[in-house]
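Chemist: Pasting in a structure now, in structure tokens, and then I'll have a few things to ask.
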Amino acid sequence: MDLRIEGKCAAVAASSTGLGFACAEALAAEGVRVALCSRDEGRIREAASRLPGDAVGIVADLSSPAGGQTFIEQAIAQLGRIDILVANAGGPPPGTFASTSMDGYREAIDLNLLSTIAMCQAAVPAMQERHWGRVVAITSIGARQPIGTLAASSVARAGVSSFLKVLATEVAKDGVTVNSAQPGIHATDRIKHLGSLDKVAARVPVGFIGKAEDFGKVVAFLCSQPARFITGTGLLIDGGAYGGLI
């Protein structure tokens, strides 16, 4: 399928490895010019060098709204514009109600909610002016089915879902779509460190762990022209792990 996004410009946050890099890679394969970011200069420059075209690596810390805004501003400065925003950030530390402090919640909200809002505030108005844009936030299955051992993450990502729904409704008339991709278990470095992948895979109904590259291609589709009628939704990419009806 021709996604019809060749020549577009994308900012993909937290993208030196894992699902973020897979999204950048999938977009670059479609002829999109990509700006990536990470806190580590060496890692982000190495990641950018692995992509086709003239991808650029930007050093940015997304643990605060200011960091998210700075990333978008630098991406616009280097690419000229942003047509596609893939909002992403690392996950907060594990914790339950009993073990998560107020500071832990604040840090998770800064990282996973407010930085996404800041990136959207910096990127979306120009998309509206051009009457074309795509926003996809990488959240988590925990945005829909809270994970008790990831309390702060689940709370922050639920907030992102609410923000995205409001934004999607507001900018739909301007040709800008806004969605989230909600991953389950994928074979990223974080999951590999947990131990036996066979045991992890046994918890997934399809019987295997997702591949980051497959996830990236799904996100690329959500950023495409054929996906113009998909907005205001959260797409589970979880191998059937989510147990609810809606």
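The values are calculated or read from the model by the stated rules, or taken from the named source; none is laboratory data. Predicted model only: the values in this text are computed from it and were never measured. Reconstructed Cβ throughout: ideal geometry from the backbone, glycine too, with neighbour counts over all protein chains shown.
Chemist: Residues in the range 73-116 that are at pLDDT 95 or above and within 16 Å of Ser153 (Cα to Cα): how many?
Modeler: Of the residues in that region, 25 qualify.
Chemist: Show me the strands (runs of 3 or more DSSP E) entirely contained within the range 1-79 in which 2 or more residues are touching a residue at least 24 places away in the same chain (Cβ under 8 Å).
Modeler: It comes to 9-12, 33-38.
Chemist: If I filter the range 96-106 for residues that are charged (D, E, K, R) and in contact (Cβ under 8 Å) with a residue 12 or more places away in the chain, do I get at least one hit?
Modeler: no
Chemist: Please pick out the residue among Ser49, Ser64 that is surrounded by 15 or more Cβ atoms within 10 Å (Cβ to Cβ) and polar (S, T, N, Q).
Modeler: Unique residue meeting the criteria: Ser64.
Chemist: Considering the range 80-114 alone, what residues qualify as being in contact with a Cys (Cβ under 6 Å, 6 or more places away or on another chain), assigned to a strand (DSSP E or B) and surrounded by fewer than 22 Cβ atoms within 10 Å (Cβ to Cβ)?
Modeler: none
Chemist: Could you count how many residues in the range 125-144 are of a type outside the set (Lys, Arg) and within 25 Å of Thr17 (Cα to Cα)?
Modeler: 10
Chemist: Looking only at residues that are of a type in the set (A, V, I, L, M, F, W, C) and outside any helix (DSSP H, G or I) in the range 115-135, which one is nearest to Phe163 (Cα to Cα)?
Modeler: Only one residue tops the list, namely Val135.
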